[in-house]
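Chemist: Quick one: the structure is below, questions incoming.
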Amino acid sequence: MYAIIESCGKQYKVAEGDVVLFEKLDAEEGKKVTFDKVILVSEEGKVQVGTPYVKGIKVEGKVISHGKGKKIIVFKMKAKKNYRRKQGHRQPYTKVEITSIKTATEKKETTTKSEEKVTTKATETKTTAKKETAAKSAEKTTAATKTTKKAEA
């Protein structure tokens, strides 16, 4: 499974486990990064192409490090005018490891699992509440029968 995502004005082909160098991102090392602008997803031969982006799919990654690229020399010169300027540049980058490509079906599965957990907890609380109310009503009826027996005697 792979995806083509758009980030920092460029397009990158990524798969789970890949380490990709993006232009400098505003994220600390060790933090999660989510890319929403997914242009294309290929899963088991099925290709989904977005217009312009595929809906419901996210690519998640973890920031490994920040750094600077190799030095590039910028040399300006005008012939016969004795004009020469030499300047260097190192482009900053962020190294990101792609952890997962989440599709809409995976999201639905995880949400249904969490909903099942919530509903089971809710039913457990309802049943315990019913048991408690039943016990209280039983206590009231026994207390009422005791008072009526005392009154009769």
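Chemist: Failed condition for Lys46, given (1) out of contact with any Phe, Trp or Tyr (no Cβ under 8 Å at 6 or more places or on another chain); (2) closer than 13 Å to Glu6 by Cα, with all others met?
Modeler: (2)
Chemist: Which residues, taken from segment 21-48, are free of Cβ contacts under 8 Å to residues at least 24 places away in the same chain and within 14 Å of Thr103 (Cβ to Cβ)? Write out each step before concluding.
Modeler: Narrowing segment 21-48 to residues free of Cβ contacts under 8 Å to residues at least 24 places away in the same chain: 26, 36, 45-48.
If the condition is that a residue be free of Cβ contacts under 8 Å to residues at least 24 places away in the same chain and within 14 Å of Thr103 (Cβ to Cβ), then Asp36, Lys46, Val47, Gln48 are the ones that fit.
Chemist: List the residue pairs whose Cβ atoms are under 6 Å apart, where the first residue sits in segment 87-105 and is over 20 Å from Phe75 (Cα atoms), the second is polar (S, T, N, Q), and the two are 6 or more positions apart or on different chains.
Modeler: If the second residue must be polar (S, T, N, Q), the pairs left are Lys95/Ser65.
Chemist: If you take the residues in segment 1-43 that are assigned to a loop (DSSP other than H, G, I, E, B), within 12 Å of Gly61 (Cα to Cα) and among the charged types (D, E, K, R), which one is nearest to the chain's Cα centre (by Cα)?
Modeler: Asp36
Chemist: So Thr147 passes all but one of these: (1) modelled with pLDDT of 65 or more; (2) more than 43 Å from the chain's Cα centre (by Cα). Which condition number does it fail?
Modeler: (1)
Chemist: Further question on the same structure: Going through segment 54-94 one residue at a time, which ones are part of a loop (DSSP other than H, G, I, E, B) and either surrounded by fewer than 11 Cβ atoms within 10 Å (Cβ to Cβ) or modelled with pLDDT of 95 or more (or both)?
Modeler: Lys55, Gly69, Lys70, Lys71, Ala79, Lys80, Lys81, Asn82, Arg90, Gln91
The values are calculated or read from the model by the stated rules, or taken from the named source; none is laboratory data. Keep in mind it's a predicted model, so treat the numbers as computed, not measured. When we count neighbours, we look across all protein chains shown, and the Cβ atoms used for this are built from the backbone with ideal geometry, even at glycine.
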